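J.: Encoded as structure tokens, here's the structure I'll be asking about.
The values are calculated or read from the model by the stated rules, or taken from the named source; none is laboratory data. Remember, predicted model here, so these are calculated numbers, not experimental data. All Cβ positions, even for glycine, are placed from backbone atoms using ideal geometry, and neighbour counts span all protein chains on display. Heavy atoms of the whole protein, side chains included, go into the accessibility calculation; ligands, DNA and RNA do not. Shrake-Rupley method; radii C 1.70, N 1.55, O 1.52, S 1.80 Å.
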Amino acid sequence: MSEFVYILTNESMPGYIKIGMTARPVLDRMRELDGTNLPLPFECYYACSVEDARREELWLHNIFED
């Protein structure tokens, strides 16, 4: 089963990035997030298939912590 990590941005939240993981297609996850009453949709800055999404998501959170 494929797992994905992703980095999303949204112009309505300058300076904020959404880092996450999903076992479903990233576009499906983005559609879910777009239903959260934000005025603009999320844009995918980066996404890739990985073997251990939890580990990679944590790694990305640590990199972008600041």
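J.: Which of the residues spanning the stretch 25-53 are touching a Phe, Trp or Tyr at 6+ places or on another chain (Cβ under 7 Å) and of a type in the set (S, T, N, Q)?
T.: Within the stretch 25-53, 49 is the sole residue that qualifies.
J.: How many residues does the stretch 1-28 hold that are free of Cβ contacts under 8 Å to residues at least 24 places away in the same chain and open to solvent by 50 Å² or more (accessible area, probe 1.4 Å)? Let's see the steps before the verdict.
T.: Going through the stretch 1-28, the residues free of Cβ contacts under 8 Å to residues at least 24 places away in the same chain turn out to be 1, 14-16, 24-28.
Pick out the ones that are also open to solvent by 50 Å² or more (accessible area, probe 1.4 Å) and you get 1, 14-16, 24-25, 27-28.
Within the stretch 1-28, residues that are free of Cβ contacts under 8 Å to residues at least 24 places away in the same chain and open to solvent by 50 Å² or more (accessible area, probe 1.4 Å) number 8.
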